[in-house]
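Structure first, commentary second.
Where a number appears in this text, it was derived from the coordinates with a stated rule and is not lab data. Because the structure is a prediction, the values reported are computed rather than measured. Heads up, the Cβs are rebuilt from the backbone with ideal geometry, glycines too, and the neighbour counts pull from every protein chain shown.
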């Protein structure tokens, strides 16, 4: 789902002439960077949820 959204966003940018020349030459690189950022964000969110769960668990003990 995320990859499809990123691909569509890049397509829209090219269609609207937003960074079009840059994206034409570096679309794959941009895709890799954006996907990496999404992955990092998911990892951080998972870590935060885990920490909160552990804190709640400790408080209830």
Most exposed first, judged by fewest Cβ atoms within 10 angstrom, 46, 61 run 61, 46
Between residue 5 and residue 26, what is the label-point separation in nm under the 7 Å Cα-to-beta-carbon projection?
2.3
Mean residue ellipticity at 222 nm from the helices of the chain, using -39,500 (n - 2.57) per DSSP H segment of n ≥ 4 over the full residue count, to the nearest 500 deg cm²/dmol?
-32500 deg cm²/dmol
